[in-house]
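These notes concern the structure reproduced below.
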């Protein structure tokens, strides 16, 4: 398979060799954050790849970021612990003030600061972001924030968070998504001052939480860009997010396919390798074909994004196709290993759980299909 950015991939793979399955099994068992792994990625400069050189980063594109995350997943590691630091900063880069960039980006590039949390989803709104209820009301030189977020991952391991809140009611704008604003808030200064964080123990070790805001006061200069245009700002980050998540699913699919292929050749039952049976080899081969096609879409979406071209269609499709390819590969790997797939030491069950997430979040498959139907094919809005 043709691989772009081979030098970057080789370096990432070498780093990942220091974090074998035993490391991830222990973190998963204890629901612990992989601090050592994230520190290594930071010190190696990989998490600063999208930050411009003038702010201490590498100044690379989403294409290179996608290669990094793909290799992390393909090595059996979990980029979910740190991938948000790549795509959340896009909102700040494109719409933040120069003061905000100078305050934040050099610290992220050096590893001194972390921007891992993105507060968007709420319990009552689900995928209908226009109906979020968290509000930020201007009060003198501050905004006062009240509300709740859910599935806000890594906030306990982050110094800053991007927060989406309503600064105007939904019915006051021309469109439902008007009236939302983005804020760059310093979590360190707000804990115990109207900010409460409650961890959620989930099926996978994703360091996710519920977040509550109770008359939390934040300075007015934490507003990113213009008031009321926040949803448009986060769309930039969402396209990058979908491309980067898509690349992770390709890495997952590669891991499952490699694992299944190797086991199918090694495992002997009825005096022959089980991979000699078409019932074993065909699902693995089909998963490889799906993965290869999805990878091309990831690369297409990344190229468009880096060229500054519209890429909503491709970004959505690459995430959907990649998640489906990863799940097909996961299923074939489970079936190939049989009962041994359920044993922790093979790592299949852990990766199986992790791979399932991406058909649901971020952005569900059904929401992607509705986007394609409405915005690409011109059919009536279905909801």
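Computed quantities for the displayed model
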read-out	value
Selection status of residue 127, more than 15 Å from residue 185 (Cα to Cα), assigned by TED's automatic domain parsing to the domain that holds residue 200 and touching a helix residue (DSSP H, G or I) at 6+ places or on another chain (Cβ under 6 Å)	yes
Some residue of the range 216-224 being buried (at least 23 other Cβ atoms within 10 Å of the Cβ) and under 26 Å from residue 329 (Cα atoms)	no
Residue in the range 361-373 that is modelled with pLDDT under 95, on the phi > 0 side of the Ramachandran plot and either within 24 Å of the chain's Cα centre (by Cα) or assigned by TED's automatic domain parsing to the domain that holds residue 66 (or both) present	yes
Selection count, the range 30-49, where residues are in contact (Cβ under 8 Å) with a residue 60 or more places away in the chain and farther than 13 Å from residue 111 by Cβ	3
Number of the condition not met by residue 142 [criteria: (1) within 21 Å of residue 204 (Cβ to Cβ); (2) touching a helix residue (DSSP H, G or I) at 6+ places or on another chain (Cβ under 9 Å); (3) surrounded by fewer than 22 Cβ atoms within 10 Å (Cβ to Cβ)]	(1)
Every residue from the range 307-321 that is crowded, with 19+ Cβ neighbours inside 10 Å and in a helix (DSSP H, G or I)	314, 315, 316, 317, 318, 319, 320, 321
Unique match (being part of a helix (DSSP H, G or I) and out of contact with any helix residue (DSSP H, G or I) (no Cβ under 6 Å at 6 or more places or on another chain)) among 258, 252, 236	258
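Conditions tested, residue by residue: (1) in contact with a helix residue (DSSP H, G or I) (Cβ under 9 Å, 6 or more places away or on another chain); (2) surrounded by fewer than 17 Cβ atoms within 10 Å (Cβ to Cβ); (3) at pLDDT 95 or above; (4) in a strand (DSSP E or B).
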| site | (1), (2), (3), (4) |
| --- | --- |
| 136 | no, no, yes, yes |
| 152 | no, no, yes, yes |
| 161 | yes, no, yes, yes |
| 168 | no, yes, yes, no |
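The values are calculated or read from the model by the stated rules, or taken from the named source; none is laboratory data. Note that the structure is predicted; figures quoted are calculated from it, not measured. Please note: Cβ atoms are built from the backbone with ideal geometry, for glycine as well, and neighbour counts cover all protein chains shown.
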